[in-house]
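These notes concern the structure reproduced below.
Nothing in this text is a laboratory measurement; each read-out follows from the coordinates by a stated rule. In this text the structure is predicted, and so the values were computed from the model without any measurement. Here the Cβ positions follow ideal geometry from the backbone for every residue, glycine too, while neighbour counts run over all protein chains shown.
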Amino acid sequence: MFENGGYGEDGIFGGRKWGTGDEVMMLSEEQWEALDPQKYIGYGVREIPCVEDAHVDAAIRAITSSADMEVIVRFTRRSAWRVFNAFAVRMASLGVRNRDPEIIRRGLVACGVALSSAEDFREVILSLTVLHRASILIEEDPVHLFREASGVMPPWIAEIVDQFPMREVKDLRIEPCGYAEGRDGSGFRFVSTW
């Protein structure tokens, strides 16, 4: 499971290796604590990027396997799925601004985390639609990008993400999902219309 069973002198969030078997990941105590959903009230509409983006991004960058993703899901509060889902939409916007497929890929990985514990997976599907649109806007192949991101997800989540770009075109439009393309003071941004 993980060193010290997660307890002992380092506490449940100690800067220890986390994971299963040979698969381990490292997050510091501060990184784990930074994922507290209470710190993210109003996060979705904040300026992009913001300091909270860096905290979530650190967790996403630590995910290099499905075992890592399972650790993140297991050791964050159940309501943290909303944080990862908001991060995904924020990264779609930032990915378009910077024309960077890696940023969009990290948003997709965040959707995988959100799908793992979402109360209603349909809310995360809305974010996948925005990430699909972001990949189109920067002229990246969404099939390739979604498949690449699904490689660090548990099989049942990977299947959802991997197959998403194969949906009918009408099911990939952002407008019915409550989003529009817009701008804020820093540049391009997907804005919620709901």
Q: Using only the alpha-carbon atoms of the range 81-135, report the extent along each of the three principal axes, biggest first, to the nearest angstrom.
A: 32, 14, 12
Q: Using the charge dipole of the chain (Lys, Arg: +1 at Cβ; Asp, Glu: -1 at Cβ; taken about the Cα centre), state which of 56, 188, 149 has its Cα farthest towards the positive end.
A: 188
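Calculated FRET efficiency, residue 166 and residue 47, Cβ-Cβ r, R0 30 Å, to nearest 0.05? Spell out each step's value before the answer.
Numbers: r = 34 Å, r/R0 = 1.15.
It comes out at approximately 0.30.
What does the charge dipole of the range 137-194 about its Cα centre add up to, to the nearest 20 debye, if the Cβ of each Lys and Arg holds +1 and the Cβ of each Asp and Glu holds -1?
Working: 6 positive and 11 negative charges, 41 e Å.
Dipole magnitude for the range 137-194 comes out near 200 debye.
Please give me, ordered by residue number, the GluC sites (Glu not before Pro) of the range 114-193 that lie in loop per DSSP and have at most 13 other Cβ atoms within 10 Å. Present the calculation step by step, with values, prior to reporting the outcome.
Numbers: sites: 119, 123, 139, 140, 148, 159, 168, 181; in loops: 119, 139, 140, 168.
Qualifying residues, ordered by number: 119, 139, 168.
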Q.
Rounded, prolate or oblate for the range 27-112? Axes are the square roots of the Cα gyration tensor eigenvalues, ordered a ≥ b ≥ c, and the cut-off for rounded is a/c under 1.5.
A. oblate
Q.
Against the empirical 2.2 N^0.38 Å scaling, what ratio does the C-alpha Rg of the chain come to?
A. 1.00
Q) Counting Lys +1, Arg +1, Asp -1, Glu -1, what net charge surrounds residue 100 among other residues with beta carbon under 10 Å of its beta carbon? A) +2
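If the only charges are +1 at each Lys and Arg Cβ and -1 at each Asp and Glu Cβ, what is the size of the charge dipole of the chain around the Cα centre, to the nearest 20 debye? All intermediate terms of the calculation are to be shown ahead of the outcome.
Values: 22 positive and 31 negative charges, 114 e Å.
Charge dipole of the chain: 540 debye, to the nearest 20.
Give the relative contact order (percent, whole number) for the range 3-192; include only Cα pairs under 8 Å separated by 6+ residues.
Working: 279 pairs, mean separation 34.6, N = 190.
18 percent.
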